[in-house]
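Only one structure is covered here, and it is reproduced in the block below.
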Amino acid sequence: MAYIADLIGLSAVIGAFFAGIAIAQTHVAHEVDQSIEPIGYAIFIPVFFVSIGLNMSLAGIEHDLLLIIVLTIVATLTKLLGAGSGAKWAGFSSNEAYLVGAGMVSRGEMALIIAQIGYQSKLISDDYYSAIITAIILTTLLAPLLLKHAARHINY
C-alpha cells in the first residue's frame, strides 16, 4: 500500500498507515503486531530518528529563536486544548481532560514524519526544518512537566 500511495503521488507513509488500519481489522492483527514490533524498534525507528538528525543543522538556529518559541507554544497549546476538549466532550471532568491533553502533548511522531516529508519534497528550507524539529523536541520535553502538573489536580 505504501508503494501504491507513492505511485499516485501521495506519501508512502499514508499508504503504510492505511495498511496498518486494514491489518488491524483482521483476526491476525495481534500476531502481526508482535512480529513487526521488535523489527521496528530494533531497526526502523532508530534509522528514522537518525535520518531526522542527519538533516538537522544547528548552525544559525539562534536566528530562528522566535519561530521556535512560537511553534513550541502553538504545538503545546493545540495538543493540550485539542485532546483536552475531546476528553471533555467524552464526559471527562475538567481535571481529567487536562490530564489527557497533557498526555498528548508529547505525541510528535506524525509531526516529525510530516516535517521529514516536507523537507525531502523541498517544501521546507534547512533553517525552518531545524526550527520545526527543535520545536517538536521542546514540546516533547515539556510534556512530563505538564503531566506532573495535571496529575496534581486529579482526585484519586
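Pick from the range 105-156 the residues that are of a type in the set (S, T, N, Q) and more than 19 Å from Lys79 (Cα to Cα): which of them is most open to solvent (accessible area, probe 1.4 Å)? Before you say what the answer is, go through the steps one by one.
Looking only at the range 105-156, we keep the residues that are of a type in the set (S, T, N, Q), and these are 106, 116, 120-121, 125, 130, 134, 139-140, 155.
Now restrict to residues that are more than 19 Å from Lys79 (Cα to Cα): 116, 120-121, 125, 130, 155.
On the way: Gln116: 14, Gln120: 121, Ser121: 67, Ser125: 56, Ser130: 2, Asn155: 148 Å².
Ranking the qualifying residues of the range 105-156, first place goes to Asn155.
Of a type in the set (Val, Ile, Thr), in a helix (DSSP H, G or I) and open to solvent by less than 40 Å² (accessible area, probe 1.4 Å) - does that describe any residue in the range 71-85?
Just the residues of the range 71-85 that are of a type in the set (Val, Ile, Thr), to begin with: 72-74, 76, 78.
This time we only want the ones that are in a helix (DSSP H, G or I), so: 72-74, 76, 78.
If we keep only those that are open to solvent by less than 40 Å² (accessible area, probe 1.4 Å) as well, we get 72, 76.
Within the range 71-85 (the criterion being of a type in the set (Val, Ile, Thr), in a helix (DSSP H, G or I) and open to solvent by less than 40 Å² (accessible area, probe 1.4 Å)), the answer is yes, since at least one residue qualifies.
Ser57 versus (1) of a type outside the set (Asp, Glu); (2) in a loop (DSSP other than H, G, I, E, B); (3) within 19 Å of Phe17 (Cβ to Cβ): which is the lone unmet condition?
Checking Ser57 against (1) of a type outside the set (Asp, Glu); (2) in a loop (DSSP other than H, G, I, E, B); (3) within 19 Å of Phe17 (Cβ to Cβ), the one that fails is (3).
What number of residues in the range 2-27 are outside any helix (DSSP H, G or I), open to solvent by 50 Å² or more (accessible area, probe 1.4 Å) and on the phi < 0 side of the Ramachandran plot?
Filtering the range 2-27 for residues outside any helix (DSSP H, G or I) gives 8-11, 25-27.
Those left that are additionally open to solvent by 50 Å² or more (accessible area, probe 1.4 Å): 8-10, 25-27.
So of that shortlist, the ones also on the phi < 0 side of the Ramachandran plot come out as 8, 10, 25-27.
Residues flagged as outside any helix (DSSP H, G or I), open to solvent by 50 Å² or more (accessible area, probe 1.4 Å) and on the phi < 0 side of the Ramachandran plot within the range 2-27 amount to 5.
Could you tell me whether any residue of the range 57-65 is modelled with pLDDT of 85 or more and among the hydroxyl-bearing types (Ser, Thr, Tyr)?
Within the range 57-65 (the criterion being modelled with pLDDT of 85 or more and among the hydroxyl-bearing types (Ser, Thr, Tyr)), the answer is no, since none of the residues qualifies.
Condition check: open to solvent by less than 40 Å² (accessible area, probe 1.4 Å), assigned to a helix (DSSP H, G or I), among the hydrophobic types (A, V, I, L, M, F, W, C) and within 21 Å of His63 (Cα to Cα). Does Ala97 satisfy that? Walk me through how you get there before you give the answer.
Working: open to solvent by less than 40 Å² (accessible area, probe 1.4 Å): yes; assigned to a helix (DSSP H, G or I): yes; among the hydrophobic types (A, V, I, L, M, F, W, C): yes; within 21 Å of His63 (Cα to Cα): no.
Criteria not met by Ala97.
Which one of the conditions (1) more than 12 Å from the chain's Cα centre (by Cα); (2) part of a helix (DSSP H, G or I) does Ile133 fail to meet, given that it meets all the rest?
(1)
The values are calculated or read from the model by the stated rules, or taken from the named source; none is laboratory data. A quick note: this is a predicted structure, and the numbers were derived from the prediction, not measured. In this analysis, Cβ positions are derived from the backbone assuming ideal geometry, glycine residues included, and neighbour counts consider all displayed protein chains. Heads up: the accessible areas ignore ligands, DNA and RNA and are worked out on the full protein's heavy atoms, side chains in. Shrake-Rupley method; radii C 1.70, N 1.55, O 1.52, S 1.80 Å.
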